[in-house]
Structures are given as C-alpha cells and as structure tokens.
Amino acid sequence: MPLENDHGTLSIDAGAGVAFRILDSEGSEVGRGTGQLSQPRAPGLYAVQWMSATDSHETLVRVNTGATASVVYAPAIAEPGEIGISVTLNEAPKIVHELRPSGGKSDSSIAVVLVTGYDVNEADILRDLKLFNMREEEISGSDNHLYGIGSEGRETGRSYTVRPGRYLLTYRAMTGETLQQTVPALRGRQTMIFMEAAKGDILLAEGQGFARIERAGIDPTRTVMISLGGDEAEQRIRERLRLTRLLLRDLTTGSASLTSDFLDILDQPETDPLLKLVAVLAVLSHCEAGTSPSLEERWEKGIAPPHQQWLSRAGMWLYGLKAIKLPPDATIARWQLDRLNYGRSSDDVASTINIPPMYGCAWRWASAHSAEKPGAIRRYAAIRAATRSRSSTEPWLSWKANAAKAKPRPARSGDAERIEALAQSVAEKSRRLIGEASDPLAAAYLIARVGPEATMVAMQANAISRSVSSQTSLSSNLASALSMPGSALHRYLVSTDLQLTQLLATDSVTSQFGSDPKQPIFELRGISNTDYAVRPEAILPAPGLARLIEDEDDPQKGRFGGLASRQSYNARAEFVDISSRNWTRINMFVEGPALDGDEVLFYLHDSFPKNVWRERFRSGSARLPVTAWGGFTVGIWIPRQRIELELDLAQLPNAPDAIRTR
C-alpha cells in the first residue's frame, strides 16, 4: 500500500505465539493480527495491545508523518520488589551460565532452579528435593546459591550429572505432601527445571470440623522445563522459555498459541526436543477436543474440523524425535496419534511404558490405550503410585511418592473384550438403578451405598455410555475419564459390577443390610461371593481418627498417642526376608491381657487399598501380616479397653534398610 504524504508507518513484530490489536487515540480498533505487520497510519498516538496465553499488556507508540514507528513485543516487566518464577525466568540466561556443566558434549545433566521468597525456609524445601534413578537410588547433586540474580527473592540451583534416561524428581508440595514426577535427561543436553516454592493455607479435618494450616512447599503447577544443548544465545533461551510457557498454558486451559512464526520454530531440527514434545501434546489435545491449536484460525462448530493437517504435522515432529530417548510421553503421543487417526497403528512404536509420563494428558491417553491393550502400562512402583494418588497439578502429572507402600494385588487375567464387557455391564446396571428410582437423587444415594470408588466408576460409566461415539470403546473412554490404567480399571469394574448386582437384588439388600435406604455400608471386604458388610455402629471409632493429620506422607503418625506400649498392652513387629529388593513381609502383633475374641483395629498407611483391618485376640495376642514397600506408622485401637497404640515401623531397631529409608 503506497504511503500517503501526511502518513507515517507503524511496524509491529509480535513474535511467535502472540496476537495484537491496534487501537487509535479514541480507543477504536483499527487493526489486529499475529506475527509481523507494517502499514501506513495517520499521525497520532496508538496503543498496541499484546495478548498471549501467559501475558497481556499494551505498548503506546506515536506515529509521525513520513517516519516509521517500530514496536517489538517484549514480556511485561515485573515491578521492583516482585518475586516469583516469572521474574526469575527473565534472568534465565544468567542462571543457565552459572549452572552450565563442564563436561563434554556427550554428557547429560539435570539442573533444578528453586525460587523461594524470603518468607519460605529455603533449607526445608531443599532438604526434601531429591532425584532418584529407575532403581530407586538417590542421586547426589551440588548446590549453587544464586542470590539476587533473578529477583528480590532467592534462587538456588541444584545440578546433577547423570546418564541419559528417565528420572524421578521428589519434592515437598504446598499441600504438605511429598510428590514425585518424571523428568528426563537427554544425551548431550542439560535439562533445566524452574520450580517455585511458596506458602499457602490448606484445610485439614480435625474433630467435627476443619483446621486451617499454613504449609510451605513447591507449587508444581508453575514448573517450567526446557533442555539446552551447548552454548546457547540469551535471546534463544528466553524465547524457548516463553514458548514453553505458552504451550504449558495451552495444555492447562485449552487456549491456542500456535502461529505461523511459532510453527516455523517448531519445524527447525535444532529446536529443543522438550519444546517439540509439549507442542505435539498441545496439538493432540486440541484435535481430541475438536478445537483449533492455532491462534490465527478458529474451527466452526457443526463443521468437520480440519484436524488431519495438524495430526500430520504433529506426526512429523514426533518422527524427528525418534533418535532421542524421550520420556514416555512421546510413546503415548504416538498411541494417541494412531487413535485420532481412526485406529491406524504404527509398527515402530513401543508397546509398553514402565514409568509415568511427564504430563497429565499423556497419562489420561495411556490409561485409555491400556483399556484396549491391558499390558501397555507395566505395574512398577511409580506406575502404581500414580494410579492410586494422581494429584491435581496440571499440566504436569505428579503423584504421592509414598502411595505404593502396599504390595499390589495379583494381576487379573482380563483382556480388552472382558474389560469392555464389564464396563457395559456396570453402565447397564447403573442405568437400571437410576431408571427405576422416582427421584434421581435418591438413586444416586442408593449407588453411593456401595462406597465412593464404586460410585465414581458407576456414575462415570453411566454418563459416558450415553454420549460415547461408536468409534471408541466405553472402557477406553472410562479409563481416560478416570485416568486409570486398564489393569486397575478391570479390578474396579469387577468390584463395582458385583456390588451393583447385590444392590439390584432388592430382597438380598433388605435382608442383609436392613430396610432403611439411608443405612450405609461401612465396609465391603474383597470382591468374592463371600463378601460381607459391617455396620458403622458395630465398631467404636478410634479417637485418633478425629485428630489432625500432622504428616501427610505418614497420616497415622502422632494421631494414636505416639506410644507402642500402654496399660500392659504392647505393639511390636517382626520383619521377614522374602528375597525381594523392594518388598518386606511384616508381621504386626498386639499383645496384652485381653479376652479371647476381643477386637483390635489396625490403621495402616492410606496407600493400602484396604487400610483398616479388624483382628481378634487369641491367647493374649492379635496378629496382622502385610507386605509393604517402605516404612510407615500403624495406628492401633482396642475398642473394649479403649486403648490406643502407635507403631512407627521405620523407627524399630530390627527394621531392615528397605523399611527405615523409604
């Protein structure tokens, strides 16, 4: 467009993943776009509003006659005194320089940059920050204090020199729990993980109410992870961090940040593999939801989405990463890509994973895949922990590090057809219960009588069966909705199907549990035909259960009085070697002057599927055998004598290393 005599030129460079609007002095919009734009404008003051998934601000610019006014996007500058990970990322090149390893190009390393404010005890957070290899061995790291580099807060870098592979990062979260997540080390590259620690309030049950407790720990939702190869320019490091944050926000909120400039960067062979991986996941997430991954285009509702071009591009990025040993997210992305391509399968993709992925969406897709291929997710400790205790830390997948203390139940022989048949049966029985009730809320309450887990499975199966398409199985959609691998889903479906069958047998329900529809089932042991229920009033509740949980990783510790001996009653444990590096057989005893038949309740770690056991005294002793991974505290309650005991297995002098150190 020719430049008019009395006009100037407004030149805008938004960068990848950023949109802009141009407003004139009266606030009217006179232009918008992404990437670069150069056009004539009448002299005057203009506001350029920048919009991205992680930033929104505006820049004022004046256009003069015959001159060019250039505006280049830059992230908003933090206010003086502001602290936090956003401020630290602005100074990331300096931090990278401080933590750059001295080894050769073939070395790999992991560096964690911890950002803390002055109101957080940095030493406490660092004490609980640990890196483990796949053999569950802790790896030592070296600390480098980076005070003042990035903000008014504090940064500490912890560096690990490791072999290429997959590792587990463990840390104390703001909830007080010890969480764990997967991190990779890529050959010839340094993985940089930026994490922020802060304080927050949580509510914990205490007596009949709740107590507000202040905790300090890492907020995993703010974590940013990239990888670097050799010496990298400052501008490139900043760009990589900014684009990674855009895609992390896309995964969390469903926003779209991909622009033509962004795609050009992702198409380059030298682009960070971890940035490409999260871009693949963002594209697959949008295609699954039927929304556009692009900031520059929108898909109209009611029209078949043009997602095939995006799936092809994501496949191209994945193909370019084949030679790199990436976390299992890459394998799962190939599974999901095949699923979205209407079941086409790739011959060169791995058939199993043995460690949880980095991202929550990948775990959901892996769960769906394993419903149709039950052996796809191996039953290792981290997998079991993620299955039992996945935390709400999107976009990342994290789980309680101590959630796999109980030995898993033997794997059931269930194939994809069996799992699908069970899912259909649960959905049909759930529909029968809801359809036969005059009040849907009453039906939901009736289903709730089977317990929270079975209720969750039944209600989800019912809802999904009403809306699932014929191209996908009910079981895979159910596994995805519950983020539950196929083997675990199979066990839940078997139990839920049996319990719904019992509920539908009205005469049996009435005779066994009474005629009051509000009478809940307290406990349903196992899933065999010899199951039986125990009414709540049959067991006097332990006073310790009303006390505040002091240690989220060891929930019974401190709640049962802290003593293993009291009033001639004593709790002890024997440890039996079963020739396993991971598992220990534990025989727990309570001994004292009780009558034969007197009850004793053992309250185990909450990672046990059944964590409350009722045993009886015989000849002055009650015994409970368990097999466990690591130590924990056992709460003990003897109702008739009203005696509480507490046994910390890790503190016993005869405890083996596997119990004391885990």
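Since every read-out is calculated from the coordinates, none of them should be taken as a lab result. Because the structure is predicted, anything quoted here is derived from the model rather than measured. Quick reminder, even Gly has a Cβ in these numbers, built from the backbone with ideal geometry, and neighbours come from all protein chains shown.
Calculate the length of the line joining the C-alpha centroid of region 317-335 to that of region 212-277, in whole Å.
About 17 Å separates the Cα centre of region 317-335 from the one of region 212-277.
For region 85-232, state what percent of all Cα-Cα pairs lands in each successive 10 Å bin, counting from 0 Å until the bin that includes the largest distance.
With 10 Å bins starting at 0, P(r) equals 11, 40, 33, 11, 4, 1, 0.
Give the aspartates and glutamates whose C-alpha is closer than 12 Å to that of Lys405, dropping any in the same chain fewer than 8 places away, or say none.
Within the straight-line cut-off, Lys405 pairs with Asp553, Asp554, Asp606.
Length gain on complete extension for the stretch Arg466 to Ala505, per 0.36 nm per residue less the alpha carbon to alpha carbon distance?
11.6 nm
Counting other C-beta atoms within 10 Å, which of Phe132, Phe617 has the fewest, and how do the rest follow?
Values: Phe132 16, Phe617 21.
Ordered from fewest to most neighbouring Cβ atoms within 10 Å, Phe132, Phe617 come out as Phe132, Phe617.
Would you please give the FRET efficiency between Ala67 and Thr661, computed as 1/(1 + (r/R0)^6) with r the Cβ-Cβ distance and R0 = 56 Å, to the nearest 0.05?
On the way: r = 70 Å, r/R0 = 1.25.
Efficiency, rounded to the nearest 0.05: 0.20.
At a 10 Å Cβ-Cβ cut-off, how would you order Asp415, Asp250, Asp553, fewest neighbours first?
Details: Asp415 14, Asp250 26, Asp553 19.
Lowest to highest Cβ neighbour count: Asp415, Asp553, Asp250.
Count charges around Gln180 for me, please; just the other residues with Cβ under 14 Å from its Cβ, Lys/Arg as +1, Asp/Glu as -1.
So the surrounding residues net to +3.
Please order Lys373, Lys130, Lys276 by the number of other Cβ within 10 Å, starting at the fewest. Intermediate results must be reported in sequence, preceding the final value.
Details: Lys373 15, Lys130 18, Lys276 25.
With the fewest neighbours first, Lys373, Lys130, Lys276 line up as Lys373, Lys130, Lys276.
Can you tell me the length gained on complete extension of the stretch Thr627 to Arg640, counting 0.36 nm per residue apart and subtracting the Cα distance?
1.9 nm
Please compute the length gained on full extension between Leu563 and Asp231, using 0.36 nm multiplied by the number of residues separating them and subtracting their Cα-Cα distance.
113.8 nm
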